[in-house]
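Read-outs: derived from the displayed coordinates by stated rules, not from any lab. Computed from a predicted structure; not experimentally measured. As a convention, Cβ positions derive from the backbone with ideal geometry for all residues, glycine included, and neighbour counts pool all protein chains shown.
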Amino acid sequence: MFESREELQVLSDLLLCWRFLEFGKKKTDNREETVFVKKLGQYDRIYSVKENFPNILYDQRKFILPIAPKYHTPLLPDSKLNTENEVGFLGREPHKYALQKVYISWTFERNIHKGDIIFFYRIGESGSNKKYSSVITTLGILTDVVFNLKSKEEFLKHCQNRTVFSTADLNEFSKKLKSLVIIKFIYVKSLTKRPTLGFLWDNKILDFPNGARPFTKITDSQFDTIIKESQTNINFIRGI
């Protein structure tokens, strides 16, 4: 990439934040381009989840995380269901197109960590047959988990431009800081086929007649079953 303009320098800084490495310089018509590279198929634990991405460790804990329909597609527009009206999710809000996003939870669960792998489970609309309308749509990986927030300012700083909630919503949430957990995650991929709640029951991943609760832990075998059903190819780094 050329770095001759200020906005290109900003892009260069962004690549470096994701641990692209400057490989060298290329001369083109008396102009100079910087070449950035990132190696695939390897993982270095010295660096953060973000700096290693898109290299993802398989040997991490795995969870299902439910999300309400009204928040699902605004936060994860690439995982829109075929039954949803695309017009309703158009817009230029930063959270829609950011790789790094923020999910706010009121879960009592605190035993969640950077590197944990999560399936987002879109809860079916009220009045629908949840067996078919509740589906797993998206794979993500946690980059940070924040709780025990000390101030409204700290809370807002963590959420800025990365969540579906309005400023008014966030201000209201900030009145109950001790109850909140901020989940920062990287959007990895939308599943090609969306496994339904019925599938999760049939394969003993969730207990009938219940849906997923926040941070429902699943085994490697259950995770593999969901991935296979989803017909989605994801290259994990194993054995590190």
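Only DSSP H runs of four or more residues enter the estimate; each adds -39500 (n - 2.57), and after division by the residues of the chain the mean residue ellipticity at 222 nm equals -6500 deg cm²/dmol.
Among the helices of the chain, none built from whole DSSP H runs has Cα atoms reaching 20 Å or more along its own axis together with a mean Kyte-Doolittle hydropathy of at least 1.6. Using a cut-off of 28 Å between Cα atoms, the listed pairs 150/189; 39/228; 152/189 include 150/189; 152/189 as exceeding that distance.
Going from the residue with the fewest nearby Cβ atoms within 10 Å to the one with the most, 49, 188 rank 188, 49. With the simple spin-label model, which puts each label point 7 Å out from Cα in the Cβ direction, the residue 192 to residue 153 separation comes to 5.0 nm. For region 146-190 and region 1-56, compute the distance between their C-alpha centroids and round to whole Å. Centre-to-centre distance over Cα atoms comes out at 29 Å. Each Lys and Arg Cβ is given +1 and each Asp and Glu Cβ -1; about its Cα centre, the chain then shows a dipole of about 480 debye. Cross-link partners of residue 27 among aspartates and glutamates, defined as those whose alpha carbon lies under 15 angstrom from its own and excluding same-chain residues fewer than eight positions apart: 3. Across region 40-48, computed HN-Hα scalar couplings (Karplus, 6.51 cos²θ - 1.76 cosθ + 1.60, θ = phi - 60°) run 9, x, 9, 9, 10, 5, 5, 9, 6 Hz from first to last residue, x flagging Gly and Pro. Within region 143-166, whose backbone N sits under 16 Å from a point 7 Å along Cα→Cβ of residue 234? Residues 143-144 fall inside that zone. With r as the distance between the Cβ atoms of residue 39 and residue 7 and R0 = 25 Å, compute the FRET efficiency 1/(1 + (r/R0)^6) and round to 0.05. For residue 7 and residue 39, the calculated efficiency is 0.40.
Pairs of Cα atoms nearer than 8 Å and 6+ residues apart set the relative contact order; for the chain it is 24 percent. In plain terms, the chain from residue 126 to residue 107 could stretch by 4.7 nm, reckoned as 0.36 nm per residue minus the Cα-Cα distance.
Excluding same-chain neighbours fewer than eight residues apart, the aspartates and glutamates reachable from residue 70 by a Cα-Cα span under 15 Å are 78, 84, 86, 125, 169.
Judged by the mean number of other Cβ atoms found within 10 Å, the most tightly packed of the peptides 221-232, 22-33 leads the ranking 221-232, 22-33.
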